[in-house]
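A.B. asks: Pasting a structure below so you can have a look.
The values are calculated or read from the model by the stated rules, or taken from the named source; none is laboratory data. Remember, predicted model here, so these are calculated numbers, not experimental data. Cβ placement follows ideal geometry from the backbone for every residue including glycine, while neighbour counts extend to all protein chains displayed.
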Amino acid sequence: MEHILPLGSIVHIKTDTQTDYMIVNRAALYQEGKQVGYFDYAAVIYPDGLNANNELTFFNREDITRVLFTGYINQVERELIRDYDQIVADSGYPKLPSH
């Protein structure tokens, strides 16, 4: 996946190709041990949403194997898609590797 997807997009990921995931956050900060970094996406299982533990699934754009639905894109979203890589580069947080 070359560019970042909008919120609401439904995807399959490498670690679970049978489950639909809905993207609910981008550049999601995550603490792994003492290191804080980001994943491109945080998602919930679709259509269930958050589970009882409010657990999100974190992954990066290279983990996406299939896009089932692309979320809403307006001008603000187009600008974010265009600028995303620079925004995360300027954040100072490292990109965490997928699990």
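A.B. asks: Return the residues of segment 3-29 that are among the hydroxyl-bearing types (S, T, Y) and at pLDDT below 95; say none if nothing qualifies.
C.D. replies: Of all residues in segment 3-29, those among the hydroxyl-bearing types (S, T, Y) come to 9, 15, 17, 19, 21.
Hits for segment 3-29 are T15, T17.
A.B. asks: Is it true that I87 is within 13 Å of the chain's Cα centre (by Cα) and of a type outside the set (K, R)?
C.D. replies: Details: within 13 Å of the chain's Cα centre (by Cα): no; of a type outside the set (K, R): yes.
Criteria not met by I87.
A.B. asks: Something else now. Could you please let me know if T65 is of a type in the set (S, T, N, Q), modelled with pLDDT under 95 and not in a loop (DSSP other than H, G, I, E, B)?
C.D. replies: It is false that T65 is of a type in the set (S, T, N, Q), modelled with pLDDT under 95 and not in a loop (DSSP other than H, G, I, E, B).
A.B. asks: Restricting to segment 81-95, what's the tally of residues that are surrounded by 11 or more Cβ atoms within 10 Å (Cβ to Cβ) and either of a type in the set (D, E) or under 24 Å from Y46 (Cα atoms) (or both)?
C.D. replies: The initial filter retains those residues of segment 81-95 that are surrounded by 11 or more Cβ atoms within 10 Å (Cβ to Cβ), namely 81-85, 87-88, 91, 93-95.
From what's left, either of a type in the set (D, E) or under 24 Å from Y46 (Cα atoms) (or both): 81, 83, 85.
Looking only at that region, the number is 3.
A.B. asks: Exactly one condition in (1) touching a strand residue (DSSP E or B) at 6+ places or on another chain (Cβ under 8 Å); (2) over 16 Å from H3 (Cα atoms) is false for N54; which is it?
C.D. replies: In the conditions (1) touching a strand residue (DSSP E or B) at 6+ places or on another chain (Cβ under 8 Å); (2) over 16 Å from H3 (Cα atoms), N54 misses (1) alone.
A.B. asks: Which of (1) out of contact with any Lys or Arg (no Cβ under 9 Å at 6 or more places or on another chain); (2) at pLDDT below 95 does S98 not meet, given it meets every other one?
C.D. replies: (1)
For every residue, the table says whether it meets (1) buried (at least 19 other Cβ atoms within 10 Å of the Cβ); (2) part of a loop (DSSP other than H, G, I, E, B); (3) among the acidic types (D, E); (4) touching a Lys or Arg at 6+ places or on another chain (Cβ under 6 Å).
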position: P6; (1), (2), (3), (4): no, yes, no, no
position: V11; (1), (2), (3), (4): yes, no, no, no
position: T19; (1), (2), (3), (4): no, no, no, no
position: R26; (1), (2), (3), (4): yes, no, no, no
position: V36; (1), (2), (3), (4): no, no, no, no
position: D40; (1), (2), (3), (4): yes, no, yes, yes
position: P47; (1), (2), (3), (4): no, yes, no, no
position: N51; (1), (2), (3), (4): no, yes, no, no
position: E55; (1), (2), (3), (4): no, yes, yes, no
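A.B. asks: On to the next question. Looking only at residues in segment 26-35 that are under 16 Å from the mean Cα position of the chain (by Cα) and not basic (K, R), which one is farthest from P6 (Cα to Cα)?
C.D. replies: Step by step, filter segment 26-35, then rank; the result is Q31.
A.B. asks: Same structure, new question: Where the second residue is part of a strand (DSSP E or B) and among the polar types (S, T, N, Q) and the first is in contact (Cβ under 8 Å) with a residue 40 or more places away in the chain and lies in segment 6-26, which pairs have Cβ atoms under 7 Å and are six or more apart or on separate chains?
C.D. replies: What qualifies is H12/T65; I13/T65; K14/T65; T17/T65.
A.B. asks: What are the residues in segment 71-99 that are farther than 19 Å from D16 by Cα, of a type in the set (S, T, N, Q) and either free of Cβ contacts under 8 Å to residues at least 24 places away in the same chain or in a loop (DSSP other than H, G, I, E, B) (or both), if any?
C.D. replies: N74, Q75, Q86 - these are the residues of segment 71-99 that are farther than 19 Å from D16 by Cα, of a type in the set (S, T, N, Q) and either free of Cβ contacts under 8 Å to residues at least 24 places away in the same chain or in a loop (DSSP other than H, G, I, E, B) (or both).
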